[in-house]
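Novice: Okay, handing you the structure first.
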Amino acid sequence: MKYISTRGKAPKIKFSETLLTGLANDGGLYLPESYPRLDEMALKNLRSKSYSELAFEIMKLYVDDNDIPHLDLKQIIDKTYTKNIFSYNREIQDPADITPATKVKNNLYMLSLSNGPTLAFKDIAMQFLGNIFEYLLKKNNQQLNILGATSGDTGSAAEYAMIGKKGVNVYMLSPQGKMSAFQTAQMYSLNENNIFNIAIQGVFDDCQDIVKGVSNDLKFKSKNNIGAVNSINWGRIIAQIVYYFKGYFAVTNNSDEMVDVTVPSGNFGNICAGHIARMMGLPIRRLIVATNENNVLDEFYRTGVYKPRSSDQTFHTSSPSMDISKASNFERFVFDLLDRDEEQLRDLWSKVDKGQGFDLSMTNYFGKIKNFGFSSSSSNHEYRVKIIKQMFEEFGLIIDTHTADGFKAAYDHMDESSDIKMIVLETALPTKFEETVIEAIGQKPKRPAGLEDIEKLPQFSVNMDNSIENVKKFIESH
């Protein structure tokens, strides 16, 4: 199993190398040369496995035994997916299940992904990444300086996963004043020797552009051992593929049943994992991209036009983790959509990298989108408040703002007369965005023990202009 860059100008590498490299040297993203396919019998054999067993069976398909011995991989996975780590939403769910499914009503389900230490779905992949990073760095006697960008949840998940990890420093960029108070406190209250929070004047896309700018300086990247934890890192995607299988098995009885899955989408990493699970043979009929007011992806799936927006055109919303107008992982999907034509991909992304967009509406590729099962929807603050209130009053569920965008999209696309089940992926516990929850239902969601007054803790961060060079200097000086 070798990995190739979407832009076709970087050498093929092993799985372990994708983890420590992050962004390919040609600016592209790594994908396996081909996706392993699972037939109905293989799916049947996976159905009864625990989460860690399922994760091992899925992940080992992408990892050569002579790269990372499968026995070592299994130990890393077993260390990651335990009820001790994923036990923060104790009230209605069995923490041993890692990602339990809740039946909302007939044929409508929510897959809970927020039982980890930072109460967001990013923990599921990030805890794995932290453990496998530490394993590889020890094995290779290496150091790694992780540079990441966050719109809220990635940052805290990465930092909590890397606390105390030997050989790892984390430099996390976030948009100054654009995260919720809880998200900010989760990150900035960490006072660890290997964690550095940098608040950038701008929006998430500015932070992401800095990460790519630093990574594209190959000399600086090599000299300073720069790595990535954003979903540009293939390790994030491979770990997220697993819960699509787990969710499917939780709501179906037989492997000939189809399901629809709705995914709140910002940087396209979560739903990209769903796309790959579908390519592997998981019976997903439709993947529904749920966006907020920053609906660039919804616009593409409806019209074939992909037009990323500038920082001043990106809205600051009540689902801030999706306040993204340039989705990195979208490149991975378009690569598959273009039949993996590297030259065409490079041509399209040369425009994106210049702040432009592209139009596939008059090409055969736009018509092929339905073959990949994609459709989309967008939401806004009014809908979020309405959906949060509706879910509470009708079903007794308190959901966060991003999951509300997901339910809005699910209702847009559900066929009540159909027997096909709809799974909405939960993204975070509501306490992370309680201001809007209080607006919707008039009460504050209960916080997990130990997090009641997290905003009152001292906070540590560095404010910085939107500057690649300033970030480079900070990394070198620390």
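The values are calculated or read from the model by the stated rules, or taken from the named source; none is laboratory data. Only a predicted model underlies this, so the values are computations on that prediction, with no experimental measurement involved. Using ideal geometry, Cβ is built from the backbone for each residue, glycine included, and neighbour counts are taken over all protein chains shown.
Novice: If you go through region 242-273, how many residues are in contact (Cβ under 8 Å) with a residue 60 or more places away in the chain, under 23 Å from Ser325 (Cα atoms) and touching a strand residue (DSSP E or B) at 6+ places or on another chain (Cβ under 6 Å)?
Specialist: As a first pass, look at region 242-273 and keep what is in contact (Cβ under 8 Å) with a residue 60 or more places away in the chain: 242-243, 245-252, 255-270, 272.
The next check asks that each one be under 23 Å from Ser325 (Cα atoms); those that pass are 261-270, 272.
Within this subset, residues satisfying the condition of being touching a strand residue (DSSP E or B) at 6+ places or on another chain (Cβ under 6 Å) are 261-265, 270.
Count: 6.
Novice: Looking at Asp323, Asp347, Asp359, which is the one that is farther than 25 Å from Glu293 by Cβ and either of a type outside the set (Phe, Trp, Tyr) or at pLDDT 95 or above (or both)?
Specialist: Answer to the selection: Asp347.
Novice: Mind listing just one residue for me: the one in region 464-474 that is assigned to a helix (DSSP H, G or I) and under 25 Å from the mean Cα position of the chain (by Cα) and, of those, surrounded by the fewest Cβ atoms within 10 Å (Cβ to Cβ)?
Specialist: Ile468
Novice: Would you be able to say whether some residue in region 39-57 is farther than 21 Å from Gly274 by Cβ and crowded, with 20+ Cβ neighbours inside 10 Å?
Specialist: No, that holds for no residue.
Novice: Of all residues in region 436-463, which are closer than 30 Å to Asp405 by Cβ, among the hydrophobic types (A, V, I, L, M, F, W, C) and either touching a Leu at 6+ places or on another chain (Cβ under 8 Å) or assigned to a loop (DSSP other than H, G, I, E, B) (or both)?
Specialist: Ala449, Leu451, Leu457
Novice: Additional query: Would you call Glu17 in a helix (DSSP H, G or I), closer than 28 Å to Val251 by Cβ and either touching a residue at least 12 places away in the same chain (Cβ under 8 Å) or not polar (S, T, N, Q) (or both)?
Specialist: Numbers: in a helix (DSSP H, G or I): yes; closer than 28 Å to Val251 by Cβ: no; either touching a residue at least 12 places away in the same chain (Cβ under 8 Å) or not polar (S, T, N, Q) (or both): yes.
Taking the combined requirement at face value, the residue does not satisfy it.
Novice: Quick one: count up the residues across region 217-237 that are touching a Leu at 6+ places or on another chain (Cβ under 9 Å), among the aliphatic types (A, V, I, L, M) and outside any loop (DSSP other than H, G, I, E, B).
Specialist: Residues meeting the conditions: 2.
Novice: If I filter region 359-385 down to residues being among the polar types (S, T, N, Q) and assigned to a loop (DSSP other than H, G, I, E, B), which single residue comes out as farthest from Ser265 (Cα to Cα)?
Specialist: Looking at the filtered set, the residue picked out is Thr363.
Residue-wise test of (1) touching an Asp or Glu at 6+ places or on another chain (Cβ under 9 Å); (2) crowded, with 20+ Cβ neighbours inside 10 Å.
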site	(1), (2)
Ile388	yes, yes
Glu393	no, no
Leu397	no, no
Asp412	no, no
Ile420	yes, no
Val424	no, yes
Glu439	no, no
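Novice: Can I ask one more? Determine which single condition Lys368 fails, assuming it passes every other condition in (1) of a type in the set (Lys, Arg); (2) surrounded by 14 or more Cβ atoms within 10 Å (Cβ to Cβ); (3) farther than 22 Å from Arg286 by Cα.
Specialist: (3)
Table: residues versus (1) among the aromatic types (Phe, Trp, Tyr); (2) more than 27 Å from Leu19 (Cα to Cα); (3) surrounded by fewer than 24 Cβ atoms within 10 Å (Cβ to Cβ).
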| position | (1), (2), (3) |
| --- | --- |
| Thr262 | no, yes, no |
| Ser265 | no, no, no |
| Gly281 | no, no, yes |
| Thr291 | no, yes, no |
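Novice: So, of the residues in region 312-364 that are touching a Gly at 6+ places or on another chain (Cβ under 9 Å) and of a type in the set (Gly, Ala, Ser), which turns out to be nearest to Gly213 (Cα to Cα)?
Specialist: Ser328
Novice: Quick one: how many residues across region 278-318 are not small (Gly, Ala, Ser) and not in a helix (DSSP H, G or I)?
Specialist: Filtering region 278-318 for residues not small (Gly, Ala, Ser) gives 278-280, 282-289, 291-303, 305-309, 312-317.
With not in a helix (DSSP H, G or I) added as a condition, the list becomes 280, 282-289, 291-295, 305-309, 314-317.
The total comes to 23.
Novice: Shifting gears a bit: Which number in (1) over 23 Å from Met110 (Cα atoms); (2) hydrophobic (A, V, I, L, M, F, W, C); (3) crowded, with 23+ Cβ neighbours inside 10 Å marks the one condition that Ile271 misses?
Specialist: All conditions are met except number (1).
Novice: Let me ask another. Out of the residues in region 309-320 that are crowded, with 22+ Cβ neighbours inside 10 Å and modelled with pLDDT under 95, state the one that is farthest from Asn380 (Cα to Cα).
Specialist: My answer is Thr314.
Novice: Which of the residues spanning region 227-245 are β-branched (Val, Ile, Thr) and either surrounded by fewer than 24 Cβ atoms within 10 Å (Cβ to Cβ) or modelled with pLDDT of 95 or more (or both)?
Specialist: Ile237, Ile238, Ile241, Val242
Novice: On to the next question. What residue, among those in region 195-216 that are in a loop (DSSP other than H, G, I, E, B) and at pLDDT below 95, is nearest to Lys122 (Cα to Cα)?
Specialist: Ranking the candidates gives Val203 first.
Novice: Is it the case that some residue within region 356-374 is of a type in the set (D, E, K, R) and either farther than 19 Å from Phe333 by Cα or in contact with a Lys or Arg (Cβ under 7 Å, 6 or more places away or on another chain) (or both)?
Specialist: Scanning region 356-374 turns up no residue that is of a type in the set (D, E, K, R) and either farther than 19 Å from Phe333 by Cα or in contact with a Lys or Arg (Cβ under 7 Å, 6 or more places away or on another chain) (or both).
Novice: Okay, moving on. Which of the residues belonging to region 19-32 are under 21 Å from Asp341 (Cβ atoms) and buried (at least 21 other Cβ atoms within 10 Å of the Cβ)?
Specialist: Within region 19-32, Leu23, Ala24, Gly28, Leu29, Tyr30, Leu31 qualify.
Novice: So is Leu429 out of contact with any Ser or Thr (no Cβ under 7 Å at 6 or more places or on another chain) and surrounded by 19 or more Cβ atoms within 10 Å (Cβ to Cβ) or not?
Specialist: No; evaluated as a whole, the condition is false for this residue.
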